[in-house]
Amino acid sequence: MNFAGKLAVAFLVLTALLGAFGLWWTATRLGYGDPEEILAVGLTTPEGAVSIPASGTTIGRDTSPRSYRSCFTLAQPAPKAVPAPGAVPTVAPSWYECFDAEAIGADLAAGRAAAVLGTRDVRYGIDRLVALYPDGRGFAWDEINECGEVVFDGRPTPEGCAPPPPEDG
């Protein structure tokens, strides 16, 4: 292979590596700030929304409605909250080490933790779900709800769902 061919291959490999790095960085770092302190956790009880004092951290970014994650310990026992059957925690960026979606999911499946509704429609079509452990530890994440699933697909708003907010622009 001549010098020009080697140079072209090196350029293509370098471009691919830079592109891969840019894609990884955009997916895992862009838009996230440092974890912020969390002072309370919202839960939905059969009587309505409550705020429970807690300590821990939270992350999220404005560019993704499902990027919210938090790890916390409640300062008092949690009231009976609305169950969230079938909740599956979504994976957090690897640098947010306190949130292990796989372990939380296994604990939910085994009954070592309970999934409950934190906040319905924290953003239109997005619910905040919470995994609570008997020792007061908890983890929260955002998940698309049944209304958002339909509307975000471009289909008409289902019966029983609020209409989506008007789009900006």
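Among the residues of region 134-153, those identified as closer than 14 Å to GLY56 by Cβ and part of a strand (DSSP E or B) are ARG137, GLY138, PHE139, ALA140, TRP141. Being touching a helix residue (DSSP H, G or I) at 6+ places or on another chain (Cβ under 6 Å) and under 25 Å from PRO53 (Cβ atoms) is a condition met by no residue of region 144-165.
Annotation note: Cβ proximity below 6 Å between a residue of region 113-133 that is outside any strand (DSSP E or B) and a residue that is surrounded by 22 or more Cβ atoms within 10 Å (Cβ to Cβ) (sequence gap 6+ or interchain) occurs for ALA113/ALA131; TYR133/ALA113. A single member of THR119, THR45, THR63, THR57 is at pLDDT 95 or above and surrounded by fewer than 16 Cβ atoms within 10 Å (Cβ to Cβ), and it is THR45.
The values are calculated or read from the model by the stated rules, or taken from the named source; none is laboratory data. Here the structure is a predicted model, which is why all the values come from computation and not from measurement. No Cβ is skipped: glycine too gets one built from the backbone with ideal geometry, and neighbour counts run over all protein chains shown.
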